[in-house]
Amino acid sequence: MAAGPAGIVWQTPANPPERQDYIFRDGRRYVRPYYFEFISHVKNRWAGKTIVDLFTDEFKGRPREYYVHAVKCGRLQVDDQMVHADYVVQSSQKISHFLHRHEPPVLGGDITILQNEADVVTVCKPASVPVHPCGQYRKNTVVGILQAEHGLVPLFRILCLNCAIIAAVHRLDRLVSGLLIFAKNADKAESFRQQIEASLLQKEYVAKVVGVFPDGEQTVNANVHFNAREGRSTAEVCDGDGKAPIGKQACTKFQRICTDGIHSIVLCKPVTGRTHQIRVHLKHIGYPIANDEVYLSENFSPRSSKGTRINRATTLACSLPSSDPDSCADLGNNDTNKDTEADEEFSIDPMCTNCPNLAPVGYDADEEALWLHCVRYTGPDWSYECPYPDWAFLDNVSRKKLKS
């Protein structure tokens, strides 16, 4: 636990997730909001700015008024010391941001353990759950849930000598479901890594696409260029004008399993592993995944652009305890002046820009599972499989084909 402002117990990345950290509502898994210390170090381009200007410019999710108050109340510290709002930071200094952390909810399905062997454990990953801590997600991740509910500790975060440890062999995008393989020790993880680098693994997915997919194997060779700002990829081919595509070389093989005349279930075998490769290759040949909002529409608006910063600023300006710099004594209490009734399952923080909501502000509550599922990984002398999802069974005929 971190030593932050008095009266509050602050968690750090060293604190493991626990079973009681989760709340289930309406088919979703939430994380009980908790106090957390975010640590960063001053980059060269930040040096010379005041602590308030730095956070206002670089971390735009909260308004300037919040950062001014956070400095006054000790929730923003430099080298473990309270500073004033005009304090100028220097390169490499440690900055601690103590805040009430709300993680986005994920779909509430269980993480099923499929095989638990001496060196390997495989699981069926639910859609919407990221594999590793990233961005706003820390406890609501596959490794976090496995640690909390099954005692499986990530290999890169060994806490004791006698606990079971795991390291993900491959990754699945957050919205993708299916097979996920973990190595239980460094030697096995290295063996898998070498096989991946030598292109010795075969990967198989199923997707539910729009339309009647052509019969026979379809091979797509189109470079994939990922735009991180937009959160989507494009497929590029040489069009004969001599201009080389800027994306990375990518190849995917497709085979129709079945169709009902409206949708098709397609077996997808990516030869390479580019970001969103299967999704963008399916769109490229005219058969996008049927519920993939990123690639179904040309007018997709990335989730990061749908923020509600103005609403946050307005809410916060009305809810900060006081503009008096000495009014920080009650920040460890659960009382709040916000109009919304407090949630009985977690404590309300008066400075939090997300309270009294359980999910963070701006979260898209309508998010659903992408119809893309990893079913099989095969290596030189091993093969692991995962059950098919319900959406893959268009009718009894498809059910027989997939189970044969």
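For the reader, a short list of remarks on this structure follows.
- Cut-off under 5 Å, modelled amide H: who pairs with L114 long-range: T122, V123, C124
- Whole-Hz couplings from phi, Karplus 6.51/-1.76/1.60, listed for the stretch 126-131; x for Gly and Pro: x, 5, 5, 9, x, 6
- Put a plus charge on the Cβ of each Lys and Arg, a minus charge on the Cβ of each Asp and Glu, and nothing anywhere else: the dipole of the stretch 109-198 about its Cα centre is then about 300 debye.
- Counting only heavy atoms of the protein chains and using a 1.4 Å probe, F24 has close to 110 Å² of accessible surface.
- A cut-off of 5 Å between modelled amide H atoms, ignoring neighbours fewer than 5 places along the same chain, links T272 with C251.
- Accessible area expressed per residue, the stretch 1-106, with surrounding protein chains retained (probe 1.4 Å, Å²): 45
- Pairs beyond 24 Å (Cα-Cα), from K139/K203; K125/K208; K184/K253: K139/K203; K184/K253
- Counting charges near E117 (Lys, Arg +1; Asp, Glu -1) among other residues having Cβ under 11 Å from its Cβ returns a value of +1.
- Using only side-chain charges placed at the Cβ, +1 for Lys and Arg and -1 for Asp and Glu, the dipole size of the stretch 1-106 relative to its Cα centre rounds to 300 debye.
- In sequence order, calculated HN-Hα J values of the stretch 137-142 (Karplus, 6.51, -1.76, 1.60; Hz; x Gly/Pro): 8, 9, 7, 7, 9, 4
- Across the options C268, C258, G211, the greatest Cα extent toward the positive end of the charge dipole of the stretch 188-283 (unit charges at beta carbon of Lys, Arg, Asp, Glu) belongs to C268.
- Measuring with a 1.4 angstrom probe and ignoring ligands and nucleic acids, Y137 comes out at about 20 Å² accessible.
- With Cα atoms defining each centre, the stretch 204-282 and the stretch 20-57 are spaced 36 Å apart in the structure.
- Rolling a 1.4 Å probe over the protein chains gives I39 an accessible area of about 90 Å².
The values are calculated or read from the model by the stated rules, or taken from the named source; none is laboratory data. Owing to the predicted nature of the structure, the values given are computational and were not obtained by experimental measurement. Neighbour counts are summed over all protein chains in view; Cβ atoms, including those assigned to glycine, are modelled from backbone coordinates with ideal geometry. With ligands, DNA and RNA removed, areas are computed over all heavy atoms of the protein, side chains included. Shrake-Rupley method; radii C 1.70, N 1.55, O 1.52, S 1.80 Å.
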